[in-house]
Amino acid sequence: MIRIFLTIISILIFLTSDIKSNGRDQIENKISSILSGLPSDTRAGVLIYNPLTQDTIFSKDIFLPMIPASLTKIFTTATALSLMGKDYRLSTILFTDDLNIKDGVINGNLFLKGFGNAAFSSEDLLQFILKLKNLGIKEITGNVIGDDSYFDNIYYREDWIPDESANIKLPPISALVLDRNKTVVKRKRGRRTIYVTENFKNPPLNIAQKFKLMLEENNITVKGAAKSGITPDNVLEIAESSLAITDLIAMINKHSDNFLAECLFKSIGAFYSGKQGNSFYSQQAIQEFIKKNNIYSFNTEIVDGSGISRFDQVTVASVNGILETMYFDLRNFEPFYNSLSYAGIDGTLRNRMSNLPSGFSFRGKTGTLNSVIALTGYLMSDDKDELIVTIMFEFTRGSWNYYRDIQDEIIRALAEWKKESSDY
């Protein structure tokens, strides 16, 4: 009787294994068929991976060095969350060296110091002014000083990335930010007056000038000048405006915001070093995050926070490693996952993959540069194991839309396979 029972069990195991093998072959053949239409000179890296079972569903050239474009933001935001924690906030703080302001006069200076709050705006600055007015402040005898010393003063990526030739220009990256470090100015063009947007040339000074002007417009007298400088140790904090890191990474990942990503990149360096935010410390922090989590690192080099540099290099294996690490990070997975674009709903994927089978969804990050298109993310379902999907192309023929359609077709095929397959 026991022998008969064991025989039945063996048959069932064999049949189950055979069904799984057939199912795996089916999706491998399907993806291979989709990829077979690529132009012959296209460089393609693909990895479909089940993090729970550690099964590789499909792989192609996963160790090939490739340009990640905005997939670089996955490295930036994952490192920031893991290093700083989901409760961390980035601030802009107003200080004074007058330790007694109850007399309605600041007998000294105002210091506006930035700690990486890249979303700080004129509206936030107005709230600082209202706080001063509520405190009864009518006069400042000293200067208004902008302080961005939390980061270095290398404001442009071209200055910290040797031989950089990125064709996407950003405003200056600084620890003290106002309105994304841009301003609208009037210019004469012939007989006409036009309004143009210009980047700040000296962020701490330009922001101090704007602050001084707004103070005076709100009937607070400033006897000193607008300057850039360093906040001394013995100061009184008057007001603070802060941004949750979870909100910042959502703006970065959902909308692929390059400026915010570069500011976060330097914030990582400042937090990691305990000294000052610069590209060296930022790169060190990301490399340590990769090493600490045993993420495949060969042929992976991150030189900026946004991915607009063509000197960034990753492999499909390393991108998968980032998403797998975050998947098993119980403290930080939810904010990381929620920061990704929801296909068919929001962000850079809002117009893609709206036709996935019922019960399936895709959250991911896109990457696009000239002749480069990349996608990574999580294919989720209501009752089946999740998959990590990474698809990267470098091409010389065809359009971005052509390669996007291939990415979407692969993900749709995976969802349909999971829905029908007994593997999951």
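The values are calculated or read from the model by the stated rules, or taken from the named source; none is laboratory data. Keep in mind it's a predicted model, so treat the numbers as computed, not measured. All Cβ positions, even for glycine, are placed from backbone atoms using ideal geometry, and neighbour counts span all protein chains on display. To get the accessible areas, we keep the full protein, side chains included, count just its heavy atoms, and leave off ligands, DNA and RNA. Shrake-Rupley method; radii C 1.70, N 1.55, O 1.52, S 1.80 Å.
Contact annotation: residue pairs with Cβ atoms under 9 Å, 6 or more positions apart or on different chains, pairing a residue in segment 149-161 that is closer than 13 Å to Phe265 by Cβ with a partner that is of a type in the set (Phe, Trp, Tyr) and open to solvent by 40 Å² or more (accessible area, probe 1.4 Å), are Trp160/Phe280; Ile161/Phe311. The number of residues in segment 254-286 being crowded, with 17+ Cβ neighbours inside 10 Å, not in a strand (DSSP E or B) and not aliphatic (A, V, I, L, M) comes to 18.
Residues being within 16 Å of Gly85 (Cβ to Cβ) and among the hydroxyl-bearing types (Ser, Thr, Tyr) are entirely absent from segment 295-312. Within segment 375-424, the residues that satisfy the criterion of being out of contact with any helix residue (DSSP H, G or I) (no Cβ under 8 Å at 6 or more places or on another chain) and of a type in the set (Phe, Trp, Tyr) are Trp400, Tyr402, Tyr403.
Every residue, every condition in (1) of a type in the set (Phe, Trp, Tyr); (2) within 14 Å of Lys418 (Cα to Cα); (3) modelled with pLDDT under 95, yes or no:
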site: Ile4; (1), (2), (3): no, no, yes
site: Thr7; (1), (2), (3): no, no, yes
site: Lys30; (1), (2), (3): no, yes, no
site: Ala44; (1), (2), (3): no, no, no
site: Tyr49; (1), (2), (3): yes, yes, no
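Check whether at least one residue in segment 237-249 is within 16 Å of Asn109 (Cβ to Cβ) and open to solvent by 40 Å² or more (accessible area, probe 1.4 Å), and report yes or no. Yes. Please work out which residue is nearest to the chain's Cα centre (by Cα), limiting yourself to segment 122-143 and to residues that are surrounded by 15 or more Cβ atoms within 10 Å (Cβ to Cβ) and in a loop (DSSP other than H, G, I, E, B). If we take residues in segment 122-143 being surrounded by 15 or more Cβ atoms within 10 Å (Cβ to Cβ) and in a loop (DSSP other than H, G, I, E, B), then Asn143 is nearest to the chain's Cα centre (by Cα). Inside segment 144-170, residues that are basic (Lys, Arg) and surrounded by fewer than 14 Cβ atoms within 10 Å (Cβ to Cβ) make up a count of 1.
Within segment 301-333, being out of contact with any Phe, Trp or Tyr (no Cβ under 8 Å at 6 or more places or on another chain) and without any contact (Cβ under 8 Å) to a residue 24 or more places away in the chain holds for one residue alone: Leu330.
Free of Cβ contacts under 8 Å to residues at least 24 places away in the same chain, open to solvent by 80 Å² or more (accessible area, probe 1.4 Å), in contact with a strand residue (DSSP E or B) (Cβ under 9 Å, 6 or more places away or on another chain) and closer than 30 Å to Arg310 by Cα - does that describe any residue in segment 186-204? Within segment 186-204, one or more residues are free of Cβ contacts under 8 Å to residues at least 24 places away in the same chain, open to solvent by 80 Å² or more (accessible area, probe 1.4 Å), in contact with a strand residue (DSSP E or B) (Cβ under 9 Å, 6 or more places away or on another chain) and closer than 30 Å to Arg310 by Cα. Within segment 157-178, the set of residues being modelled with pLDDT of 90 or more and in contact with an Asp or Glu (Cβ under 9 Å, 6 or more places away or on another chain) comprises Leu170, Ile173, Ser174, Ala175, Leu176, Val177, Leu178.
Against the criterion of being under 16 Å from the mean Cα position of the chain (by Cα), touching a residue at least 60 places away in the same chain (Cβ under 8 Å) and open to solvent by less than 10 Å² (accessible area, probe 1.4 Å), Phe289 does not qualify.
Taking the criterion of being under 14 Å from the mean Cα position of the chain (by Cα) and either open to solvent by less than 10 Å² (accessible area, probe 1.4 Å) or under 17 Å from Ile391 (Cα atoms) (or both), would at least one residue in segment 348-356 satisfy it? The answer is yes; a qualifying residue exists. Please specify each residue of segment 60-111 satisfying the condition of being among the polar types (S, T, N, Q) and either assigned to a helix (DSSP H, G or I) or surrounded by fewer than 20 Cβ atoms within 10 Å (Cβ to Cβ) (or both). Once the filter is applied, which keeps residues that are among the polar types (S, T, N, Q) and either assigned to a helix (DSSP H, G or I) or surrounded by fewer than 20 Cβ atoms within 10 Å (Cβ to Cβ) (or both), segment 60-111 yields Ser70, Thr72, Thr76, Thr77, Thr79, Ser82, Ser91, Asn100, Asn107. The set of residues from segment 234-261 being among the acidic types (Asp, Glu) and either at pLDDT below 95 or within 18 Å of the chain's Cα centre (by Cα) (or both) comprises Asp247, Asp257. Looking across Phe328, Phe336, one residue alone is surrounded by fewer than 16 Cβ atoms within 10 Å (Cβ to Cβ) and either within 15 Å of Pro51 (Cβ to Cβ) or aliphatic (A, V, I, L, M) (or both). It is Phe328.
For Asp233, the conditions (1) surrounded by fewer than 19 Cβ atoms within 10 Å (Cβ to Cβ); (2) in contact (Cβ under 8 Å) with a residue 40 or more places away in the chain all hold with the exception of (2). For segment 312-320, the condition holds for at least one residue, the condition being that it is open to solvent by 30 Å² or more (accessible area, probe 1.4 Å) and under 20 Å from the mean Cα position of the chain (by Cα).
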